[in-house]
1. Being closer than 30 Å to Ala252 by Cβ, out of contact with any strand residue (DSSP E or B) (no Cβ under 7 Å at 6 or more places or on another chain) and loosely packed, with under 14 Cβ neighbours inside 10 Å is the requirement here; does Asp141 meet it?
2. Taking the range 87-117, which residues are closer than 20 Å to Ile38 by Cβ, free of Cβ contacts under 8 Å to residues at least 40 places away in the same chain and not acidic (Asp, Glu)?
3. Name the residues in the range 14-36 that are touching a residue at least 60 places away in the same chain (Cβ under 8 Å) and either surrounded by fewer than 19 Cβ atoms within 10 Å (Cβ to Cβ) or more than 18 Å from Leu254 (Cβ to Cβ) (or both), would you?
4. Where in the range 56-110 are the strands (runs of 3 or more DSSP E), entirely inside, with at least 2 residues that are exposed (fewer than 15 other Cβ atoms within 10 Å of the Cβ)?
5. Select from the range 38-50 the residues that are of a type in the set (Asp, Glu) and in contact (Cβ under 8 Å) with a residue 60 or more places away in the chain and list them in ascending order.
6. When the range 251-263 is examined, which residues are found to be modelled with pLDDT of 95 or more and either within 15 Å of the chain's Cα centre (by Cα) or part of a loop (DSSP other than H, G, I, E, B) (or both)?
7. From the list Gly283, Gly248, Gly272, pick out the single residue that is farther than 24 Å from Thr30 by Cα, touching a residue at least 24 places away in the same chain (Cβ under 8 Å) and either touching a Leu at 6+ places or on another chain (Cβ under 9 Å) or not aliphatic (A, V, I, L, M) (or both).
Amino acid sequence: MPPLIHPQTPRVAVPCGCALGEQAVWDHRTGTLLWVDIEEPALWRHRPEGGEPARLALDEPLGFVALTEDPDTVVAGFRSGLARLRLSGGPPETILVPEPDRPGNRLNGGTVAPDGALYFGSMDAAEAQATGTFYRWDGRDLTRFGGQMPVTNGPAASPDGRTLYTVDTAAGTVRAHGLAQGGVGEARALVQFEPGWGKPDGLTVDAEGCIWVCHYGGSRVTRFTPDGEAILVVPVPTALVTHCAFIGPDLATLAITTARRDRDPRIDPMAGHLFVVETGNRGQPSRSLAV
């Protein structure tokens, strides 16, 4: 049975024109959406209830941010490694350099799972060599999992904390891993993208455990069941759809980041903007790192 097509077209919430917008995360404490522009390095913030969006320019490519117990501090996944970054200003404070022997890599996506650990990926900045992998960091120990690939995406965890989803973008595969007592199981293929779908990029998991996967080059977000069945397609009016997250006081609005890299603005005028749409589904609250 083909998936349903969502009747609402996502609307532009912030016309930010990011070169490579990514990794949206909702801070319910402040009512703020945060996301990054990797290729024109910056951290964006937006309060849907009012006020102008804020752009914090940075000196190094930034793949993601994770909330901490201090609303003014995030853990940032820079090209060089993890660092504390204050939203109010000041230089980043290095926490961890996971790949000092791989200067061609950068970090690219992270999430705090129900177990309180940070799961994140690395990738070849040139998107060519299989030098990227995934990591789990609990504030003390750093462990590697998931194998080697050129471009990692995700991760995102199920509400019960038993499953972690990762993406091997070059292979077009969304994968599932079992989680138990701090250990990450072997990857199993959950969804294989078909020709014409683009490539799987960022993803999020809703409160029902379904996975929302962005189609880079495919102009849409697809909702899959935990068994990998496509059940809903949300068309997006731009080609390079990169990441999504549920936002708002009831977590009922889907925010979608996009990219404008290599797009002709005469053909794709909304490339790189932040979009929002109501889907009738709800997300999970973002979790904070205790660092």
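The values are calculated or read from the model by the stated rules, or taken from the named source; none is laboratory data. Note that this is a predicted model, so its numbers are computed, not measured. For neighbour counting, all protein chains shown are included, and Cβ atoms are generated from backbone atoms with ideal geometry for every residue, glycine included.
1. Details: closer than 30 Å to Ala252 by Cβ: no; out of contact with any strand residue (DSSP E or B) (no Cβ under 7 Å at 6 or more places or on another chain): yes; loosely packed, with under 14 Cβ neighbours inside 10 Å: yes.
Here the answer is no, as Asp141 does not meet what is asked.
2. Initial filter on the range 87-117 (closer than 20 Å to Ile38 by Cβ): 87, 91-92, 94-99, 102-112.
Now restrict to residues that are free of Cβ contacts under 8 Å to residues at least 40 places away in the same chain: 91-92, 94, 97, 99, 102-105.
Across the range 87-117, the qualifying residues are Pro91, Pro92, Thr94, Val97, Arg102, Pro103, Gly104, Asn105.
3. Initial filter on the range 14-36 (touching a residue at least 60 places away in the same chain (Cβ under 8 Å)): 14-28, 31, 33, 35.
Matches in the range 14-36: Pro15, Gly17, Ala19, Leu20, His28, Gly31.
4. On the way: elements: 62-67, 73-78, 82-86, 93-96.
Hits in the range 56-110: 93-96.
5. So the first thing to find is which residues in the range 38-50 are of a type in the set (Asp, Glu), and the list is 39-40, 49.
Glu39, the sole residue that qualifies.
6. Filtering the range 251-263 for residues modelled with pLDDT of 95 or more gives 251-261, 263.
Within the range 251-263, Leu251, Ala252, Leu254, Ala255, Ile256, Thr257, Thr258, Ala259, Arg260, Arg261, Arg263 qualify.
7. Working: Gly283 fails: farther than 24 Å from Thr30 by Cα; Gly248 fails: farther than 24 Å from Thr30 by Cα.
Testing whether each residue is farther than 24 Å from Thr30 by Cα, touching a residue at least 24 places away in the same chain (Cβ under 8 Å) and either touching a Leu at 6+ places or on another chain (Cβ under 9 Å) or not aliphatic (A, V, I, L, M) (or both) leaves just Gly272.
Each row is one residue, and each column tells you yes or no for (1) of a type outside the set (A, V, I, L, M); (2) within 18 Å of Ala113 (Cα to Cα); (3) in a loop (DSSP other than H, G, I, E, B).
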position	(1), (2), (3)
Gly147	yes, no, no
Pro159	yes, yes, yes
Val167	no, yes, no
Glu186	yes, yes, yes
Gly209	yes, yes, yes
